[in-house]
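Chemist: What follows is a single structure, and I will ask about it in a moment.
The values are calculated or read from the model by the stated rules, or taken from the named source; none is laboratory data. What you see is a predicted model; the values in this text were computed from it and never measured. Cβ atoms come from the backbone with ideal geometry, glycine included; neighbour counts cover every protein chain shown. These accessible areas exclude ligands, DNA and RNA; they are computed on the full protein's heavy atoms, side chains included. Shrake-Rupley method; radii C 1.70, N 1.55, O 1.52, S 1.80 Å.
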Amino acid sequence: MDYELEHDLCFRNAFRSFVCVVLSMLLGLQVYTYFWASQDSFDGDFSDIKYVVMQLTRGLTDVNRKHEKLQNEMERISAALPAVAAAAGRARDALEPRRSPRQLFDVHDYDRQIVDFALETAGARVIDTGDTLEHFIHESPVGWVLHSISALVCRDCLGANAIIKPGTLPGECWAFKGSKGEATIRLLGTVRITGLSLEHIPAHISPTKEISSAPRLFQLEGLEFRGDPYPYDFGTFEYEKDGKPIQYFEVLHQPSKGYNLVRLKIFSNWGHPVYTCVYRVRIHGDLAPGQQQHNSNEEEMRIETE
């Protein structure tokens, strides 16, 4: 019996050992399978990341190549722009008529761009207004009588000096009755006249929002002396009511000599039935060779005696 019991115990120990080995092998196989599959998954993830990085690198390379190409094109265009601008300027000059000074000058800084020989502060004077009657608002009958007497006795209309003064605010003008008037101006020297400018306020700053009192047709004449019966005709011009406030006019008949006296004659206005307003007259040109400005009292006395 002892022998049988010992044999049975050995069999149990061997069977237990066999089961433990089998279980250990199965557990090892599971562990091995788990780690091997995880390694394959990691390899797959790393392959996807590598592919994405390669695609991004290729895309950045294409972007850099296009950027360099665009930069080269821009540099080429920039280098060609001066030549294109010069060619466009030549083509414009060939196709367009030559621009006159009235198109070149800036209205806001006009007096700093062209010489005015009829400027009072430089020595010019209004010496005669002919039969022109100044428009005057009389506050009393006495004022009307005094103004009428002064207009008949003194041919130098005091208000006419406004047309050679710098100020051109609303009301700073020479207003005369009707639509016809004239003013003789002694320039600050003997001038070869090439053009004149006539100025009026624009409609948007007029208290009435219209400028029917602006001159329309006018003429410029050159005089040898005051009251010259045979003046030199520089031309007849028209002030455009809807144009710029300062309008330049080149003389239509170029003179062969210089003049010290000019006469501005207004023939019509833009429809005002009572009066006409002249804000500013400018005379342009060059001093005649060998001539100086006439500011002395002797020159003024000579003109008065004429």
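Chemist: For the structure I just gave you, tell me whether GLY222 is touching a Pro at 6+ places or on another chain (Cβ under 8 Å), under 22 Å from THR168 (Cβ atoms) and among the small types (Gly, Ala, Ser).
Modeler: no
Chemist: Could you tell me how many of the residues in the range 111-133 are at pLDDT 85 or above and not in a loop (DSSP other than H, G, I, E, B)?
Modeler: Total meeting the criteria: 7.
Chemist: When GLN219 is evaluated against the numbered criteria (1) among the polar types (S, T, N, Q); (2) over 20 Å from GLU134 (Cα atoms); (3) over 27 Å from the mean Cα position of the chain (by Cα), which criterion, by number, is the only one it fails?
Modeler: Status for GLN219: all satisfied but (2).
Chemist: Which residues, taken from the range 223-280, are farther than 27 Å from GLY189 by Cβ, among the hydrophobic types (A, V, I, L, M, F, W, C) and open to solvent by 60 Å² or more (accessible area, probe 1.4 Å)?
Modeler: Passing the criteria: PHE267, TRP270, VAL274.
Chemist: Need the failing condition index for ALA87 against (1) open to solvent by less than 90 Å² (accessible area, probe 1.4 Å); (2) at pLDDT below 65, just the number.
Modeler: So the condition that ALA87 fails would be (2).
Chemist: Still on this structure, please answer the following. Would you check which residues across the range 158-191 are open to solvent by 20 Å² or more (accessible area, probe 1.4 Å) and of a type in the set (D, E, K, R) and list them?
Modeler: Of everything in the range 158-191, those that are open to solvent by 20 Å² or more (accessible area, probe 1.4 Å) and of a type in the set (D, E, K, R) turn out to be LYS165, GLU172, LYS177, LYS180, GLU182.
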